[in-house]
Amino acid sequence: MNKMQALHSFWNGFGLKAYDENSVPDGASLPYITYEASSDDFGHTIPQTASLWYRSSSWAEITEKEQAISDYIGRGGRMMAYDDGSIWIAKASPWAQRMNDSSDELIKRIVLNLQVEFLD
């Protein structure tokens, strides 16, 4: 598994389909996660974002999923191994931001801010 496959595996581990934010297929149905698929050389911490997307009149379910991801990452971050190294994923500040969709009031989005470091 390479770096990008490891990121994909991480984001698909939360019970929702996850997509690189630049490759959400036409017709994908909510809820799902989108994430940035970027990497850097060893030892550089880079900012990344992921988004939870739900269709609901309530923020309850999407907020529960945000909290589950927060709990999994924890206060010190989470390490994920891949073939040639590992990835450290940690929460950045602010951690989570709610967003509205101006075209559809039922679409709920929470943007998650992260710090990611690739340790080759």
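Quick notes
- Residue among Ser70, Ser51 that alone is among the polar types (S, T, N, Q) and surrounded by fewer than 16 Cβ atoms within 10 Å (Cβ to Cβ): Ser70
- So Tyr19, is it farther than 17 Å from Asn100 by Cα, surrounded by 12 or more Cβ atoms within 10 Å (Cβ to Cβ), at pLDDT 95 or above and touching an Asp or Glu at 6+ places or on another chain (Cβ under 7 Å): no
- Residues located in the range 98-120, provided they are at pLDDT 90 or above, of a type outside the set (Val, Ile, Thr) and under 19 Å from the mean Cα position of the chain (by Cα): Arg98, Met99, Lys108, Arg109, Leu112, Asn113, Leu114, Gln115, Glu117
- Strands (runs of 3 or more DSSP E) enclosed by the range 1-99 - at least 2 residues per element that are among the β-branched types (Val, Ile, Thr), closer than 21 Å to Leu119 by Cβ and touching a residue at least 60 places away in the same chain (Cβ under 8 Å): 45-55
- Residues within the range 52-75 that are farther than 18 Å from Ser9 by Cβ and in contact with a strand residue (DSSP E or B) (Cβ under 7 Å, 6 or more places away or on another chain), tallied: 9
The values are calculated or read from the model by the stated rules, or taken from the named source; none is laboratory data. Just so you know, these numbers come straight off a predicted model, no measurement behind them. With ideal geometry, Cβ positions are generated from the backbone for all residues, glycine too; neighbour counts draw on all protein chains shown.
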